[in-house]
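Encoded as structure tokens, the structure appears first; notes follow it.
Bear in mind that the values in this text are calculations on the coordinates, not laboratory data. Bear in mind that the values here come from a model prediction, so they are computed numbers and not experimental data. FYI the Cβ positions are ideal-geometry reconstructions off the backbone, even for glycines, and counts take in every protein chain you see.
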Amino acid sequence: MIFISRSPKETKEIAKKILKKFQGFNVFSLEGELGGGKTTFVKGIADFLGVKEPIKSPTFVIMRKYRMPIKSRQQIADDKWQIIDKGKKSQEKNTSCNFRYLYHFDCYRIKDSKEILELGWQELVKNSKNLIFVEWGDKIKNILPKNTLHLKFEFLKENERKIIIK
């Protein structure tokens, strides 16, 4: 599956679509070059789920944790979201209400996956209440769960990106 984004706003919309389509996943590996749109993608997810804190790249701190608002955890399953699918409007429920925390990792500076294990990685990925996004996930592929969804981000032009679900 391939998506083309021509703006940060489109990247955020694609993020929402992917989260809806792949609801069985709670770990997402975001792979690709600098400037590919990985952090913008996570911002789109956070916006969709109602996270109020500003999403910042965790490049220097390695990991950031965001608590889902009460609405995301308890009421969002009752909300209806408008989506556009090939020009047709349809109603779709957002069933992401089971997540309590969004974790955003950036492994750009990681030399050894043991550095991530020291942050409690095994416990985080085992907990289905955690929604986890790992930028540069290919650097820790040996510790990613088998059921990780891998997305590759490619820089095409100044305002154009390709997002490939592997």
Assuming 0.36 nm per residue, please report the length gained on full extension of the stretch Arg67 to Leu117 beyond their Cα-Cα distance. 15.9 nm
The stretch 1-53: which GluC sites (Glu not before Pro) are DSSP loop and have at most 16 other beta-carbon atoms within 10 angstrom? Glu33
What FRET efficiency do you get for Lys129 and Lys56 if R0 is 25 Å and r is their Cβ-Cβ distance, rounded to the nearest 0.05? 0.65
Cross-link pairs beyond the 18 Å C-alpha cut-off, checked among Lys43/Lys157; Lys16/Lys146; Lys56/Lys114; Lys43/Lys65; Lys43/Lys126: Lys43/Lys157; Lys16/Lys146; Lys56/Lys114; Lys43/Lys126
Measuring from centroid to centroid over Cα atoms, what is the spacing of the stretch 1-52 and the stretch 107-122 in Å? 22 Å
Using a simple spin-label model with points 7 Å from Cα along the Cα→Cβ vector, what separation in nm is obtained for Lys21 and Asn98? 2.1 nm
Provide the FRET efficiency to the nearest 0.05 for the Phe155-Lys9 pair, computing r from the beta carbons and using R0 = 22 Å. 0.80
